[in-house]
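**Student:** Let me give you the structure first, and then I'll get to my questions.
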Amino acid sequence: MEPEHIDFFIFGSYLYSVNPNDVDLIVIYDSHIYNGTNIFYECFKLINLIEETLGLPVDVTYLSIDEEIETQFVKIVEAKSINDIFNIGINHCK
């Protein structure tokens, strides 16, 4: 991942259910640039936009790049890039 780059992934029922209860979103961020509070505020508008557009609550999992490398969470839950799901070019939250 590039420095200052934030990646977004969708997983869970939104990918596989006709009537999902929510949207599970993974935010992968560079902890050298963003701390826990900063990344929350950085992504607030995007999360609200997803909720308003889809009419579903968004459940967010924030992981630093290091945490993702260690846990391989994206691979384990078979998450898909938000850009692939919504066919949009999101590279950051702003």
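The values are calculated or read from the model by the stated rules, or taken from the named source; none is laboratory data. Here the structure is a predicted model, which is why all the values come from computation and not from measurement. Using ideal geometry, Cβ is built from the backbone for each residue, glycine included, and neighbour counts are taken over all protein chains shown. Areas reflect the complete protein model, heavy atoms only, side chains present, ligands, DNA and RNA absent. Shrake-Rupley method; radii C 1.70, N 1.55, O 1.52, S 1.80 Å.
**Student:** Which percentage, to the nearest 5, of the DSSP beta bridges contained in the chain is antiparallel? The partial results should precede the final answer.
**Tutor:** On the way: 7 of 14 bridges.
Roughly 50 percent of the DSSP beta bridges within the chain come out antiparallel.
**Student:** Between 0 and 90 degrees, rounded to the nearest ten: what's the tilt of helix 36-54 against the longest Cα principal axis of the chain?
**Tutor:** Approximately 20 degrees, to the nearest ten.
**Student:** Next question. Place +1 on the Cβ of every Lys and Arg and -1 on the Cβ of every Asp and Glu in the chain, take the dipole about the Cα centre, and give the residue among Leu63, Tyr29, Val18 whose Cα lies farthest towards its positive end.
**Tutor:** Highest projection toward the positive end goes to Val18.
**Student:** Here's something else I'd like to know. Using only Cα atoms, figure out Rg for the stretch 6-85 and give it as a multiple of 2.2 N^0.38 Å.
**Tutor:** Taking the Cα Rg and dividing by 2.2 N^0.38 Å, one obtains 1.07.
**Student:** Which far-off residues, 5 or more places away or on another chain, put their amide H under 5 Å from the one on Ser64, with H placed in the peptide plane?
**Tutor:** Here Tyr29 satisfy the definition.
**Student:** Express the relative contact order of the chain as a whole percentage, based on alpha carbon pairs under 8 Å and six or more residues apart in sequence.
**Tutor:** Relative CO of the chain lands at 39 percent.
**Student:** For the chain, with all protein chains present and a 1.4 Å probe, just round the carbon and sulfur fraction of the accessible area to a whole percent.
**Tutor:** Taking all protein chains in place, the chain shows 51 percent carbon and sulfur surface.
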